[in-house]
Amino acid sequence: MNRTFYTPSIPRRDFLVGSLAGAGALALGTQITTRTATASTAAPNLMSSTQTAPFSLPNLPYADTALEPVMSARTFSFHYSKHHKAYVDNLNGLVKDNAELSALSLDALIKKVAGDASKAGVFNNAAQVWNHTFFWNSMKPGGGGKPTGRIADKINASFGDFDKFKTAFSDAAKTQFGSGWAWLIEDGGKLAIVKTPNAETPMAQGKKCLITLDVWEHAYYLDFQNRRPDYITAFLDKLVNWEFAEKNLG
Ligand code: FE
């Protein structure tokens, strides 16, 4: 079975990616069990690998039930096994006959086609593969709340205090009209919050992504219906993975 694991390019040291002859999983410093595979902390780090198409759907860093009751398994399983998988399948179909694009890693592929209107389909699907992989890792069971350590210091230095950060992040996520993403990024040594429409992603412009929240309706509608603000609050209070954010600082 051809398994290719691609991950965001930021957290090189600790964002371990497993590629284990038919079984593997994203792991973040601890052993993580998924529905189909067991992660290994000794797995090779394929973060900025030269792995190329055809890409495979990355395994989850936790079981798809792990974020309940905040994010239901129903929401998660549809999001992951239908939406995320569709982006992977679409991308593979779009690049399979393109020797140049098929030779690129996911990161390189996204940056290559970003801004090229003739490759919008490739960009949209490739970026959505990357964004979702990053999103799964932006959450963890029992996450959320006020961070500590270096990421907390950075947040305080950049936004004033954690409450101001929460307000700014929430406002970005709420006001992203239609589908898109809210991001915490590091830019020029300071943290910043950005929102992007559709598949747009700060990594395409070489920005260092720390955390993201998917605000496409498919991410929350089964659990929260039209109440996007409640979904955002749940993410910040109960799901966000600050260890991942800190590791992404590098
Ligand atoms: Fe999504």
- Rounded to the nearest 0.05, FRET efficiency between ARG150 and SER118 (Cβ-Cβ, R0 35 Å) equals 0.25
- When the Cα centres of the range 96-174 and the range 62-90 are compared, how far apart do they sit, in Å? 17
- Message: If I model a spin label at GLU217 and SER81 as a point 7 Å from the Cα along the Cα→Cβ vector, what separation in nanometres do I get?
- Response: 2.4
- Item | In Hz, Karplus ³J(HN,Hα) per residue of the range 107-118 (6.51, -1.76, 1.60; θ = phi - 60°; x = Gly, Pro) | 4, 5, 4, 4, 5, 5, 9, 4, x, 8, 4, 6
- Message: For the pair LYS190/PHE177, report the inter-label distance in nm, with labels modelled 7 Å from Cα in the Cβ direction.
- Response: 2.7
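FYI, it's all coordinate maths here, none of it is from the lab. A quick note: this is a predicted structure, and the numbers were derived from the prediction, not measured. When we count neighbours, we look across all protein chains shown, and the Cβ atoms used for this are built from the backbone with ideal geometry, even at glycine.
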